[in-house]
Structures are given as structure tokens and as C-alpha cells.
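S.K.: Can you read through this structure? Questions will come right after.
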Amino acid sequence: MSTLPDDLAAAAACDFARTLSARWQAQLGDDLIGLYIIGSLAHGGFSRRYSDIDIALVNEQALAPAALEGLRTQANGVSAELGPKVSVFWTDRGFTVGRFPPLDRADYLDHAMPLCERERIAPPRPSLEEIRGYLAGTPFTNWIHSAEAFAGSDALAVADRKAYLRALLYPARFVASFMTGKMISNDDAVARLIEFCPSGLDADLIVRALDCRRAAADPDALFPARTQLPGQIAALERFVVETVADWR
């Protein structure tokens, strides 16, 4: 019985994370409370080509920039292929400092897979209002800037393929999380979008982008669709305004 390539890649990524966890425990010592796999490797939909390896770190106190750089250096030392894919979400015991946005905090509460754990810290669950406020802020603005830049580009650079595919898929993830307050995989988000699609949003384009992601293919064939991105932006902006107005 064959195993899908993404499943094999996910298993290899988990093995890598476990090896890396031992190195990080040695570096952080008694200050480390817990290390966890989160993101697509935990909640599903891991892509052998396009997914990051998201690791959550809960520490007794704030991590200095040098300590964070040391963790990244160790990741690259364990694997030159997988190390650069590591994305670190970190915080202190009170979840008051560091890099741990509300949506990723919800992912931690719902899906975290322990790599090591001295004590399980359970922060308050972010409210739907908090997650909506977060999503409609910097993440939404950053996506708009990225989408506008791609819409005005004449060519797709090799280094920008991952970012372009993410720009195409982002509306599905955004809508799903905005409605539920939960971290949802690309696959589940697109399935939800087929059932409920905000007015003016091109779901077909997003489905094609998901097919590209599942195949671990280059998104170059989708580059002509960049001209549809301004329309996707306008549709999401209307969705946010209308949803918030109805909710209040």
C-alpha cells in the first residue's frame, strides 16, 4: 500500500522536529516549559513543498534575540533542507510577550503536539472578536500589499512562487478563520468556501491554487490570474465590513 508524498514529508518533518527538540532543550535548560508542533503539521494539510514547520515554544521568560538566532542556527545545522522551513512561535509562561498571535494561540489550544513538556500552560482562548480584530489588521494589510504587488508584476520570480500561491489561497483561510475563530487547513478552508463564498470572491481561482499546492507544482500557470487579485481584495474588504456590521 503506497503512502502519499505529503504524508511521507510530514513524517520526516515530525522526526526532524523531535531531533531538533532535543537540541533546543539542551540550549534552553530549565527555562523551557514546553515545545510543540503546531500549524499544518499538527492540524492537517501539510505540503511537502509549501508548508512551514511551525514550532511553538513556551519559556519561563522572554527569549533574547541572540537565543532565538541560536535556535534557528541549530535548526539549519540539523537539516539544511528542513531547517529553513522552521517558523518559531514563542512566548513566556503568561503568554504576554514574544510572537504568538491570537489565531496561532487558538491552534496551540486545539492542535498542539508536544515534543517535550514540563508543564502544560493553557492560556485563555482568544475570543472571536479578538481573532477578527487581529485578522483584519496587519495580516490583512500585508496580504493586500502582496496581492497588489503581484497584480502589477510582469513576471513571477522563482523566489516568489510560494508567496504568490499563498496570496491566491489566503482568502479561503481568512474567511474560514474570520467566521469560526479557529485555525483551519487550506483543504478544509477551501471546502468551506465552496459551501459559503462571499459575494464577488472567485472561488474557482482558489480551488485551482489548492490543486497546485496539493500537486507541489509551480504556480506559473496561474500567474495570468494575477489580474483577478484586485477583485479578490475588494470582495474580502466587503465581506469584512458586512460581517462585522451584521455581528454587531
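None of the figures in this text is laboratory data; all of them are computed from the coordinates on show. What you see is a predicted model; the values in this text were computed from it and never measured. Cβ sites come from the backbone with ideal geometry, for glycine too, and all protein chains shown count toward neighbours.
S.K.: What does the C-alpha gyration tensor say about the overall shape of the stretch 5-117? Classify as rounded when a/c is under 1.5, otherwise prolate if a/b is larger than b/c, or oblate. Spell out each step's value before the answer.
M.R.: Working: a/c = 1.85, a/b = 1.27, b/c = 1.45.
Oblate is the answer for the stretch 5-117, as a/c is 1.5 or above yet b/c matches or exceeds a/b.
S.K.: Do the sum for the chain: with -39,500 (n - 2.57) for every DSSP H run of n ≥ 4, divided by all residues, what is the mean residue ellipticity at 222 nm, to the nearest 500 deg cm²/dmol? Mind dumping the intermediate values first?
M.R.: Details: 10 runs with 135 residues, N = 248.
Using -39500 (n - 2.57) per qualifying helix, the result is -17500 deg cm²/dmol.
S.K.: Modelling each spin label as a point 7 Å along the Cα-to-Cβ direction, I'd like the Thr138/Arg49 distance in nm, to one decimal.
M.R.: Between Thr138 and Arg49, the simple spin-label model gives 3.0 nm.
S.K.: Please say if the stretch 73-123 is rounded, prolate or oblate, where rounded means a/c under 1.5 for a ≥ b ≥ c the square roots of the C-alpha gyration tensor eigenvalues, and otherwise the choice is prolate for a/b larger than b/c and oblate otherwise?
M.R.: Because a/c hits 1.5 or more and a/b exceeds b/c, the stretch 73-123 counts as prolate.
S.K.: Something else about it: For the stretch 181-248, report the % of Cα-Cα distances exceeding 14 Å.
M.R.: 66
S.K.: Run the paramagnetic zone check for Glu69: 7 angstrom along Cα to Cβ, then residues of the stretch 28-45 with backbone nitrogen under 20 Å.
M.R.: 28-29
S.K.: Need one number for the chain: average projected area of the convex hull over its C-alpha atoms, nm². Intermediate results must be reported in sequence, preceding the final value.
M.R.: Working: hull surface 57.6 nm².
Computed as one quarter of the Cα hull surface, the answer is 14.4 nm².
S.K.: Please report, in debye to the nearest 20, how large the charge dipole of the stretch 128-247 is about its Cα centre when each Lys and Arg carries +1 at its beta carbon and each Asp and Glu carries -1 there.
M.R.: Numbers: 12 positive and 16 negative charges, 53 e Å.
Result for the stretch 128-247 is approximately 260 debye, rounded to the nearest 20.
S.K.: Order of 211-222, 100-111 by packing, highest average Cβ count within 10 Å first? Mind dumping the intermediate values first?
M.R.: Numbers: 211-222: 16.1, 100-111: 20.2.
Result, highest mean Cβ count within 10 Å first: 100-111, 211-222.
S.K.: Using label points projected 7 Å from each Cα along Cα→Cβ, tell me how many nm separate Asp188 and Ala157, to one decimal.
M.R.: About 3.5 nm, to one decimal.
S.K.: Moving on to the next point. Please say if the stretch 128-247 is rounded, prolate or oblate, where rounded means a/c under 1.5 for a ≥ b ≥ c the square roots of the C-alpha gyration tensor eigenvalues, and otherwise the choice is prolate for a/b larger than b/c and oblate otherwise? Let's see the in-between values first.
M.R.: On the way: a/c = 1.84, a/b = 1.51, b/c = 1.21.
Prolate, since a/c reaches 1.5 and a/b exceeds b/c.
S.K.: Same structure, new question: Taking a point 7 angstrom from the Cα of Ala221 along the C-beta vector, which residues in the stretch 160-182 have backbone N less than 19 Å away?
M.R.: Backbone N within reach: 161-169.
S.K.: Would you kindly state how much longer the chain becomes between Thr96 and Ser127 on full extension, computed as 0.36 nm times their sequence separation minus their alpha carbon distance, in nm to one decimal? Spell out each step's value before the answer.
M.R.: Details: separation 31, 0.36 × 31 = 11.16 nm, distance 1.61 nm.
Between Thr96 and Ser127, full extension yields 9.5 nm more.
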